[in-house]
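Below is one structure, written out as structure tokens; comments come after it.
The values are calculated or read from the model by the stated rules, or taken from the named source; none is laboratory data. For clarity, every value in this text was computed on a predicted model and none was experimentally measured. Cβ sites come from the backbone with ideal geometry, for glycine too, and all protein chains shown count toward neighbours. Ligands, DNA and RNA are stripped out before the accessible areas are found, and what is left, the full protein with its side chains, is counted by its heavy atoms. Shrake-Rupley method; radii C 1.70, N 1.55, O 1.52, S 1.80 Å.
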Amino acid sequence: MTIEIVGVDESKKKQKTCVNCATILKYTPSDVVVLWEGHDYSGGTDEAKGFKCPRCGHNVITERW
């Protein structure tokens, strides 16, 4: 079986603006990674997901808890 990539479903893409350089970025869920995880001062989980801005390298956060 050969799998062929024919494109990307544009309806699945999301948009986010980098707060550092104001670049508007489109991304898919597969681009999102865990940027950091740890524990806050009360012992709860502290985690952020997102990706690096390809223009300036700043972290673009898509989810945080």
*Residues with amide H under 5 Å of D46's amide H, sequence separation 5 or more or different chain, H placed in the peptide plane at 1.01 Å from N; which?*
G38, H39, D40
*Can you list residues whose amide H is under 5 Å from L25's amide H, if they're 5+ apart or on another chain and H is modeled 1.01 Å from N?*
K16, T17, C18
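At a 1.4 Å probe radius, carbon and sulfur cover how many percent of the accessible area of the chain? Could the numbers behind the result be given before it?
Working: 2670 of 5230 Å².
Looking at the chain in its full context, I get 51 percent from C and S.
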*Tell me which aspartates and glutamates have Cα within less than 14 Å of K16's Cα, excluding those fewer than 8 residues away on the same chain?*
D31, E63
*Identify the trypsin sites (Lys or Arg not before Pro) of the chain meeting these criteria: DSSP loop state and at most 15 other C-beta atoms within 10 Å of the C-beta.*
K13, R55
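Per residue, what accessible area does the chain have, given a 1.4 Å probe and all protein chains present, in Å²?
Accessible area per residue: 80 Å².
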